[in-house]
Amino acid sequence: MTIMQYAVLIGVAAVVTLVVTPIVRALGTKWGIVAHPGGRHVHTGLIPRIGGVAMFAGFVAAVGVEYLGERFWGWPGMMLRQEKALLGTMLGIVLMFVIGVIDDIVELKPGQKFVGQLAAASVVVAFGVKINFLGNPFGGGIIMLGVLGIPITLLWIVGFANVINLIDGLDGLAAGVSGIAALTSMVIAQQSNVLVAGAMAAALLGACVGFLRYNFHPASIFMGDSGALFLGFTLACISLLGVMKSVAAITLVVPLVIIGVPIFDTFSAIVRRRMGGKPIQVADKGHIHHRLLGRGFNQRQTVLIIYVWSAALAVGGYAMRWAPPVWRILTLIVLAGLSGVMAYWLGLFETVHHDED
């Protein structure tokens, strides 16, 4: 794929998202699909929460343009040669998006949502998009996973979807972090010649950029579960199509580093709730963005700090993908150390008092 192709895909996704978002915002207000203030929420007033519909529209439009370009306009790419994988991935993405929309409208129970997420991930796996092997970090070569590849892939996809959903707590936060991850994934996929993943990452990046026009503080619309689940699920699929295909042992770590902030936030929340004797699924105000707000930063400053943290991890993940083995380990240690310092400063593992809930 050429640089111009990537620019076109990013532009199409961004423009479509820009155009559709005001329409979705008006419909969300008219139909009462809004987020209410109070509790863990930091916004004021009633804000429409189905912005994911616009992001999905932008993404699908861009992927469609790439497919048509390859089939009819002579664009270089791999979608025509990987139609089965592309079809399965898009069907899974559509199903996950629908589940998110339903949840935005009627608020599904956690068990119902999980079953839906598992079903969407299963569609992707059924079309052959899964982790078949891992690079052996000790003796070289590869470790074939066999039937274990199925549950590992399902856990991978569902986990990605939920970590993005959990960090969606401030204006522009999830869209910005996902955009940074999509940009990094696009560059790595292009350099690895995994062009389907690169095209999808470009489409996702454009959708995030277009949506941020309305979602950055002060936001006039939220993405809702339709957006957060869609973003996380799509990033997971991009990683399966792209960087996970290398036999290098480090490739299992790279996607995790790229979305390291939401993963770290989720991990600290689980530890914090277990230490406090609370069920893991019970929400609290101890997430990274809550802690930064508690340190006196405003919403914009908090989001920008997390952007910088995410960008640093993304650059580190990119470097680990190509650096010699010794530097990969050193990079991972440095990134883990810096994240540990941030966690200590913010008190991410400290129990949240009841009056903060």
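The values are calculated or read from the model by the stated rules, or taken from the named source; none is laboratory data. Remember, predicted model here, so these are calculated numbers, not experimental data. Every residue, glycine among them, receives a Cβ derived from its backbone with ideal geometry; neighbour counts consider all protein chains shown.
Per-structure values
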{"read-out": "Options G135, G139; residue that is at pLDDT below 90 and surrounded by 15 or more Cβ atoms within 10 Å (Cβ to Cβ)", "value": "G135"}
{"read-out": "Failed criterion for A201 (all others in (1) in contact (Cβ under 8 Å) with a residue 60 or more places away in the chain; (2) closer than 14 Å to F59 by Cβ hold)", "value": "(1)"}
{"read-out": "Selected residue [part of a helix (DSSP H, G or I), small (G, A, S) and at pLDDT below 95] from A120, A174", "value": "A174"}
{"read-out": "Residue within the range 295-315 that is buried (at least 18 other Cβ atoms within 10 Å of the Cβ) and at pLDDT below 85 present", "value": "no"}
{"read-out": "Candidate set: the range 203-226, residues that are within 14 Å of A13 (Cα to Cα) and not hydrophobic (A, V, I, L, M, F, W, C); chosen: the one surrounded by the fewest Cβ atoms within 10 Å (Cβ to Cβ)", "value": "R213"}
{"read-out": "Lone unmet requirement of (1) within 20 Å of the chain's Cα centre (by Cα); (2) modelled with pLDDT under 80; (3) not acidic (D, E) for A248", "value": "(1)"}
{"read-out": "Only one of A35, A54, A85 that is surrounded by 14 or more Cβ atoms within 10 Å (Cβ to Cβ), closer than 17 Å to D171 by Cβ and at pLDDT below 95", "value": "A35"}
{"read-out": "Some residue of the range 335-357 being in a helix (DSSP H, G or I), of a type in the set (D, E) and at pLDDT 80 or above", "value": "no"}
{"read-out": "Candidate set from the range 321-331 (those that are hydrophobic (A, V, I, L, M, F, W, C) and at pLDDT below 80); member that is surrounded by the fewest Cβ atoms within 10 Å (Cβ to Cβ)", "value": "V326"}
{"read-out": "Criterion violated by L68 - all others in (1) farther than 28 Å from I221 by Cβ; (2) under 23 Å from the mean Cα position of the chain (by Cα) satisfied", "value": "(2)"}
{"read-out": "Yes/no for G128 being at positive phi, buried (at least 20 other Cβ atoms within 10 Å of the Cβ) and of a type outside the set (D, E, K, R)", "value": "no"}
{"read-out": "Residue selected from the range 283-297 under the condition free of Cβ contacts under 8 Å to residues at least 12 places away in the same chain and not in a helix (DSSP H, G or I), by the criterion farthest from S178 (Cα to Cα)", "value": "G296"}
{"read-out": "All positions within the range 142-151 that are touching a strand residue (DSSP E or B) at 6+ places or on another chain (Cβ under 7 Å) and modelled with pLDDT of 85 or more", "value": "none"}
{"read-out": "All positions within the range 204-227 that are outside any helix (DSSP H, G or I) and either free of Cβ contacts under 8 Å to residues at least 60 places away in the same chain or over 14 Å from the mean Cα position of the chain (by Cα) (or both)", "value": "F216, H217, P218, A219, S220, I221, F222"}
